[in-house]
Amino acid sequence: MGIPETDLIEEMDLSSVECLNMATGKEWGNAVKPGYREDAGLLCQSDDDEQLIVTIPFKQLVNLTSLIIRGPADGTAPRTVKVFVNKPNLSFDNCGKKAAESVVLTAEQATGDEKIELDFTQFQNVRVVSIFVDDNQGGGDVTNVAKIVVNGHPVHTTNMSELKKC
């Protein structure tokens, strides 16, 4: 039996999370931070078009097992999602490259808490995960994300700076 998956919120470096193309006042923290992401009225919203990139760094290496990505049931929830691993400088110019995982969410998946299972072999030793939302359920110009949960477990390594000299 493997290590049980947990919500990796404690492993996220929240001070370094970035979101490209987010609307002012509708920041990534609304979808990622505990307390905020449980409030369906708080959203991370796209600005110029329907696309968003949320890049989440971790404090240590992690193995990812699943994601939850939820939006409102008004047609603005994410539809096509690509997940990139260890690409800290991902931009809209290079989102066309092969992602570690690509998924087209059904309306039910995009508005519920259904987990998106990730291919274990593609999501080991992750330092940074980037979530690219390409379009939304209704095909409009605005995408809203209410909740992002990243599940997995830390990779247990030795922190060399914590070792004491003999």
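The values are calculated or read from the model by the stated rules, or taken from the named source; none is laboratory data. Keep in mind the model is a prediction, meaning the values are calculated, not measured. Neighbour counts run over all protein chains shown; Cβ positions are idealised from the backbone, glycine included. Calculation scope for accessible area: heavy atoms of the full protein, side chains included, ligands and nucleic acids excluded. Shrake-Rupley method; radii C 1.70, N 1.55, O 1.52, S 1.80 Å.
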Could you figure out which of (1) closer than 24 Å to residue 7 by Cβ; (2) open to solvent by 30 Å² or more (accessible area, probe 1.4 Å) isn't true of residue 133?
(2)
Scanning the stretch 95-130 for residues that are over 21 Å from residue 85 (Cβ atoms), open to solvent by 60 Å² or more (accessible area, probe 1.4 Å) and among the hydroxyl-bearing types (Ser, Thr, Tyr) gives 106
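Please enumerate the residues belonging to the stretch 43-53 that are open to solvent by 10 Å² or more (accessible area, probe 1.4 Å) and either of a type in the set (A, V, I, L, M) or out of contact with any helix residue (DSSP H, G or I) (no Cβ under 9 Å at 6 or more places or on another chain) (or both).
Here is the first cut: in the stretch 43-53, the residues open to solvent by 10 Å² or more (accessible area, probe 1.4 Å) are 43, 45, 47-51.
Hits for the stretch 43-53 are 43, 47, 48, 49, 50.
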Any chance the stretch 9-17 includes a residue that's surrounded by 21 or more Cβ atoms within 10 Å (Cβ to Cβ) and closer than 23 Å to residue 114 by Cβ?
no
Select from the stretch 55-92 the residues that are part of a strand (DSSP E or B), of a type in the set (S, T, N, Q) and out of contact with any Lys or Arg (no Cβ under 7 Å at 6 or more places or on another chain) and write down the one among them that is surrounded by the fewest Cβ atoms within 10 Å (Cβ to Cβ).
60
Residue satisfying condition, being under 19 Å from residue 149 (Cβ atoms) and free of Cβ contacts under 8 Å to residues at least 12 places away in the same chain, within set 111, 106
106
Mind listing whichever residues of the stretch 18-42 are touching a Gly at 6+ places or on another chain (Cβ under 9 Å) and open to solvent by 50 Å² or more (accessible area, probe 1.4 Å)?
36, 42
For the stretch 123-136, pairs from a residue that is under 17 Å from residue 153 (Cβ atoms) to a residue that is open to solvent by 10 Å² or more (accessible area, probe 1.4 Å) and of a type in the set (Lys, Arg), with Cβ under 8 Å and 6 or more apart or across chains, are 128/87
Across the stretch 148-165, which residue is surrounded by the most Cβ atoms within 10 Å (Cβ to Cβ) among those that are over 13 Å from residue 124 (Cα atoms) and at pLDDT 95 or above?
150
Can you name every residue in the stretch 89-116 that is of a type outside the set (A, V, I, L, M, F, W, C) and within 13 Å of the chain's Cα centre (by Cα)?
101, 102, 115
Among (1) free of Cβ contacts under 8 Å to residues at least 60 places away in the same chain; (2) among the basic types (Lys, Arg); (3) under 15 Å from residue 149 (Cβ atoms) - the single one residue 82 does not satisfy:
(3)
